[in-house]
Structures are given as C-alpha cells and as structure tokens.
C-alpha cells in the first residue's frame with residue numbers, strides 16, 4: 001500500500017492528539033494576515049519540500065494517537081516517533097531517505113525511498129491512518145482514500161498562519177478539510193463523518209511539514225479519534 005499511496009500522491013493525489021503521555025510542544029502556530037493562497041495540492045504534495053534540508057540531516061516527528069471509543073477498536077494510546085535520515089539523491093533537490101516508523105513492537109515497515117523531492121512523512125501518516133480507519137469502519141480503504149483526495153483537492157481551505165520556529169515567527173500555511181462531510185455513506189462511519197484534517201506547513205521549517213492532525217468528536221465533545229504528527233525541532 002505504501003508504493004500505491006506514494007505514487008498517487010506524486011501524480012494525482014490532490015489535482016497523501018492530545019497525548020496521554022507528555023511530549024515536547026510542536027512549533028507554535030498563530031493566525032497571520034491573509035495573502036494569496038497556494039493550492040492544498042501544491043503545499044502538501046507537489047513542492048520540493050526537502051530542498052531546504054541538507055543531506056546528512058535527520059528529521060524527527062512525534063506521533064500521537066488516542067481514541068475514546070468504547071472497547072478500544074483503535075488499540076491503546078500510541079505515542080511514538082517517525083525519523084527520516086536524509087542522504088543525497090541524484091539531483092540537488094532530491095534525497096534518499098531511510099525511515100524508522102515507530103519503535104519496538106509498534107514498528108511499521110516503511111521505505112527506504114530514493115530520489116525524493118517531497119517529504120514522504122505526509123503519505124506515511126495518511127497511509128497508516130487509512131489502514132486503521134478502514135479496519136475500524138470495516139470500509140474499503142480505496143473509498144476512504146479517494147474521499148480524502150477529493151476533499152483536499154476540491155474543498156480544502158488554505159489560510160496563512162505564523163509558526164514559531166527556533167524562537168522566532170515564520171510564515172506558514174494552514175490547510176483544513178472535512179472530506180467525509182455530506183458523504184453518501186456517512187451513516188456508516190460510526191459518527192466520524194466529521195473527521196477534520198489539518199495540515200500546517202512552512203518553507204522555513206526543515207522538510208516544510210510542521211504538523212498533521214486528524215480529529216473527530218461526537219456530539220457531546222467526546223473524542224472518537226485524535227491522531228497527530230508534529231515536527232520535533234529539538235530533535236532535528
């Protein structure tokens with residue numbers, strides 16, 4: 001499934017939790033003055049996001065998942081990390097990437113990737129998210145993937161924001177979409193048709209990806225799913 005999602009992201013993908021345990025806070029994000037916004041596709045999947053990160057660097061992302069659904073269909077809370085070790089690719093803007101996705105018994109096979117201009121952690125997150133969501137909903141993962149793709153392509157909002165990185169504010173973008181809202185099969189989603197996907201990017205942050213969040217709550221505010229990935233600027 002990794003190859004399929006990465007290929008889709010590269011070609012046509014979009015034209016890819018509050019913790020129980022304590023973790024370092026991700027780069028802070030605040031609202032910014034409006035400006036001409038790029039498309040979600042460009043920001044998330046088409047930019048050479050690794051151009052600003054030198055070969056030899058390691059990017060670390062804190063991962064968090066939790067759910068309040070009874071009987072725990074998503075499994076116990078998971079607080080782990082994804083690391084990307086970058087080496088030179090064939091071209092100056094490309095990188096060869098060795099991936100460690102989680103640790104110990106949580107380890108999830110991923111990569112390696114060759115000659116990547118974009119940051120693969122975006123599609124790694126979405127792939128892992130889709131595997132678990134499809135399992136819990138007993139749904140076709142292709143259907144869910146296509147819904148997310150269409151939602152990000154056609155209905156995403158892109159707004160400027162500010163990100164605190166290395167003690168200073170830098171420009172960024174916030175992408176938000178609710179791809180299952182109004183879906184014809186929404187009644188089969190166990191209340192999670194309101195799932196909101198939020199992406200924060202900044203060209204001033206290594207790898208450009210600041211955070212991803214997938215979140216759904218019930219009518220009473222109870223947490224159905226909170227899944228989050230955040231760049232750890234202290235780790236590199």
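Values in this text are rule-based calculations from the coordinates and carry no lab data. Note that the coordinates shown come from a computational prediction; the quantities given were computed from them, not determined experimentally. So basically every Cβ, Gly included, is an ideal-geometry build from the backbone, and we count neighbours across all protein chains shown.
Taking other C-beta atoms within 10 angstrom as a stand-in for reagent exposure, 162, 90, 145 fall in the order 90, 162, 145, fewest first.
By how many nm would the segment from residue 154 to residue 218 grow when fully extended, if each residue of separation counts as 0.36 nm and the alpha-carbon distance is taken off? Mind dumping the intermediate values first?
Working: separation 64, 0.36 × 64 = 23.04 nm, distance 2.52 nm.
Separation in residues times 0.36 nm, less the Cα-Cα distance, equals 20.5 nm.
The fraction of Cα-Cα pairs per 5 angstrom bin, counted from 0 for region 156-212, comes to 5, 19, 21, 15, 12, 10, 9, 6, 2, 0 percent, rounded to whole percents.
Mind sorting 143, 63 by how few other Cβ atoms lie within 10 Å of their own Cβ, fewest first?
Numbers: 143 13, 63 25.
So the ranking, lowest neighbour count to highest, is 143, 63.
When the square roots of the Cα gyration tensor eigenvalues are ordered a ≥ b ≥ c, the ratio a/c for region 89-216 is 1.5 or more and a/b does not exceed b/c, which makes its shape oblate.
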